[in-house]
Amino acid sequence: MWNRLKDLFWNKIGGYIEEQIFTLFVFFGFGYLFFSILLEIIGLFFIYDLLLTIFMAAAIVLTLIKLIKDISKYGKHSFLTYEMVGNFSVKYTGVYIETFLVIVFMYVAFDFIRQTNSDAVGLLLIAAIMYRATISVIKSNMGKIVLNKKVEKLYDGMVSEEIFLEKTISETLYLLDHLYGSMQESMEEKLKSERLKTELITNISHDIKTPLTSIINYVDLLKNEENDTEKEKYINILDYNSRRLKSMVLDLIDASKTGTGNIEFHNAVVELNELILQVYSLFDEDFNEKGLDFKYETERENIFFIIDGDQLSRVFENLFSNVVKYSMKNTPVYGKTYIRDNEITIQIINTSSYLIEVSGEELLQQFVQGERSRHIEGSGLGLYIAKNIVELMGGKLSVEVNQQDFIIQMKFRVKGRE
């Protein structure tokens, strides 16, 4: 019982001065009654006045210490009266009138009770209860005003720090602040996504238009060409541009499917080292043409785990394709795999042919290609598609950019034999 009272009175520092005065009333009222009964029971009524004086003095001292602590902690905001005056607004005149009427009613009601009742202890308890009820009404009304003001400022795009010591109201203010911040972030992300979509549509429209125009022109030339050598040349150009056009369209379809998770997986036991080297072999000629030297290291000769081999091959195809397109000529490309804490990590590191001015996180987003790569074939969706597939398979793909160094890292939890 004593610990509960101590916790309520002493440890719960933080509140309005007016409420702490109510606590003092409680000490006087209930303390007076408790000591009266206790002293009569144990027969110490002869020192009643002395003990009661000591108790009341202690109550006053403790309350004053608490008041001083709160004032030093919250300053002027420790007073509910200040909150009323400081937040005054003509717009909320009705609320202030209602609060004023409650105070007047409580005063009149207590004055009537006082005139019809002479019991000091009873009057003290009634005063404490009515005082507490009055404070609750004032806090409730002030809370409405503070919350309304907060919402209005947020609506107008203004950020303000409101201090209100009532727990429920202060928690609501905190939630409003964070809700506003979350909404801003969401809107900014949506606007950024829309901007990137527009940029993608513009870029892809331009890139699709180029091979499509070429196909149309060379078909017209082919119709009127009689020289077999020239015909073969035109056919090769048509073949090249049709494949290029097909690749762009498929990338858009894959980006849509992987972005929405509309893709099926067929898991089986896969040996990772063999899969990586098999996919690399498809690009070996392209690597040699650009003078890229692929150096692959692995801590284990065989790394077995359960995954969809076809989808993982698509990931490496996209990554190696990007390495060929964007790497500086005559530079090494490093591949590495290792296992730590039952987690497989795969790294591919290459040197970009130009200074990378965006973060790795941005490069993994949908619709990111930008003007810097318009001269390079492709949709710019390779990393986005690879990231989606890896995440759908339960892994994580990240990109680290350090000027021209480009580090791709994938992590998978081992689901089968190592």
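Descriptive notes on the structure:
- Qualifying helices (runs of 4 or more DSSP H) (wholly inside the range 1-115; at least 2 residues being aliphatic (A, V, I, L, M) and modelled with pLDDT of 80 or more): 48-74
- Residue that is nearest to F22 (Cα to Cα), among those in the range 76-91 that are open to solvent by 30 Å² or more (accessible area, probe 1.4 Å) and of a type in the set (A, V, I, L, M, F, W, C): F79
- For the range 168-200, residues that are closer than 21 Å to N87 by Cβ and modelled with pLDDT of 70 or more total 10.
- In the range 334-358, the residue that is farthest from E297 (Cα to Cα) out of those that are open to solvent by less than 60 Å² (accessible area, probe 1.4 Å) and within 29 Å of the chain's Cα centre (by Cα) is V358.
- Enumeration of residues in the range 291-307 that are modelled with pLDDT of 90 or more and surrounded by 18 or more Cβ atoms within 10 Å (Cβ to Cβ): L292, F294, I307
- Unique residue being open to solvent by less than 50 Å² (accessible area, probe 1.4 Å), closer than 25 Å to V414 by Cβ and modelled with pLDDT under 90 when the list is N318, N322: N318
- Cβ-Cβ under 8 Å pairs, at least 6 apart or on other chains, the range 118-131 side farther than 13 Å from I21 by Cβ and without any contact (Cβ under 8 Å) to a residue 40 or more places away in the chain, far side of a type in the set (K, R) and part of a helix (DSSP H, G or I): L123/R114
- Number of positions in the range 92-123 that are open to solvent by 60 Å² or more (accessible area, probe 1.4 Å), more than 30 Å from G143 (Cβ to Cβ) and among the aliphatic types (A, V, I, L, M): 1
- Count of residues meeting criterion [aliphatic (A, V, I, L, M) and assigned to a strand (DSSP E or B)] in the range 279-324: 2
- Single match in L282, L277, L381, L364 (criterion: touching a Leu at 6+ places or on another chain (Cβ under 6 Å) and either open to solvent by 30 Å² or more (accessible area, probe 1.4 Å) or at pLDDT below 85 (or both)): L364
- The requirement of being surrounded by fewer than 12 Cβ atoms within 10 Å (Cβ to Cβ), closer than 29 Å to N148 by Cα and aliphatic (A, V, I, L, M) is fulfilled nowhere in the range 60-75; no residue meets it.
- Filtering the range 214-251 to residues that are closer than 28 Å to I385 by Cβ and of a type in the set (S, T, Y) leaves S214, Y240, S242, S247.
The values are calculated or read from the model by the stated rules, or taken from the named source; none is laboratory data. Since the model is a prediction, treat every value here as computed from it, not as a measurement. Note that we place each Cβ from the backbone using ideal geometry, even for glycine, and neighbour counts take in every protein chain shown. Side chains are part of the model used for accessible areas, which takes the heavy atoms of the whole protein and leaves out ligands, DNA and RNA. Shrake-Rupley method; radii C 1.70, N 1.55, O 1.52, S 1.80 Å.
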